[in-house]
Amino acid sequence: MAELTALESKIGEVLGLAMAARDATRKVEKLVQQEGNHEDLSQTLQRMAQEAKETEERTSEVASELEGMKTAILEKARETKQEASEMMSTYLGSDADALDGFEFLTMAEAGEVGHWQVVGTMNERAQVPGLQQLVEWVLPIQRRHLQQTLERSVELASDEDPNEPA
């Protein structure tokens with residue numbers, strides 16, 4: 001397998017994070033449904049999952065344009081997805097609730113925002129065709145996801161009894 005450049009490795013990471021985001025939103029949606037009466041939360045999660053899917057598709061397109069690197073980038077993406085999945089299963093154990101889910105998503109979305117900003121900065125020198133347009137498309141979406149998950153976490157936290165045993 002070809003050796004990845006630093007930027008190609010980062011492209012693999014953001015691709016893997018998009019893959020993991022789809023799984024994470026599905027997991028959190030199940031937690032939300034178990035608690036019931038949160039249709040707006042489910043709609044937010046479904047939209048996030050759809051946007052993660054589109055991010056995955058668009059990032060794969062850019063990766064396929066990198067001569068001879070698509071396989072190596074996809075391997076890096078699978079590694080990143082696996083690492084993110086392990087973090088999710090550690091954080092969202094059997095006693096997790098919707099608040100735990102949204103707190104996890106807040107951390108994950110912050111990571112995605114950071115990774116995409118790094119990709120954009122690295123590409124300022126590399127000038128990979130189509131990558132800057134992708135960054136400019138995805139960053140506002142990731143920032144919105146971060147804001148939404150943070151707002152939803154705070155909203156769910158406001159319903160919690162702070163004196164109730166954990």
Distance-filtered residues of segment 22-56 - backbone nitrogen under 18 Å, label point 7 angstrom along residue 95 Cα→Cβ: 31, 35
I need the calculated FRET efficiency for the pair residue 47 and residue 161, taking r as the beta carbon distance and R₀ as 30 Å, to the nearest 0.05. 0.50
In debye, nearest 20, what is the charge dipole magnitude of segment 6-156 about its Cα centre with +1 on Lys and Arg Cβ and -1 on Asp and Glu Cβ, if you could check? 300 debye
Helix 98-126 versus the longest principal axis of the chain: what angle, 0 to 90°, nearest 10, using Cα atoms? 20 degrees
Compute the FRET efficiency between residue 64 and residue 150 as 1/(1 + (r/R0)^6), taking r as their Cβ-Cβ distance and R0 = 35 Å, and round to the nearest 0.05. 0.55
Could you tell me the calculated FRET efficiency between residue 35 and residue 143, based on Cβ-Cβ distance and R0 = 30 angstrom, to the nearest 0.05? 0.65
Compute the helix-to-body angle for 131-158: its Cα long axis versus the longest principal axis of the chain, expressed 0 to 90° and rounded to tens. 10 degrees
Nearest-20 debye value, segment 20-97 charge dipole, Cβ charges on Lys, Arg, Asp, Glu: 140 debye
Rounded to the nearest 10, the angle in degrees between the Cα long axis of helix 6-35 and the longest principal axis of the Cα atoms of the chain comes to 20 degrees
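Laboratory data are not the source of any read-out in this text; all were calculated from the coordinates shown. These numbers come from a predicted model, not from an experiment. We place every Cβ from the backbone using ideal geometry, glycine too, and count neighbours over all the protein chains shown.
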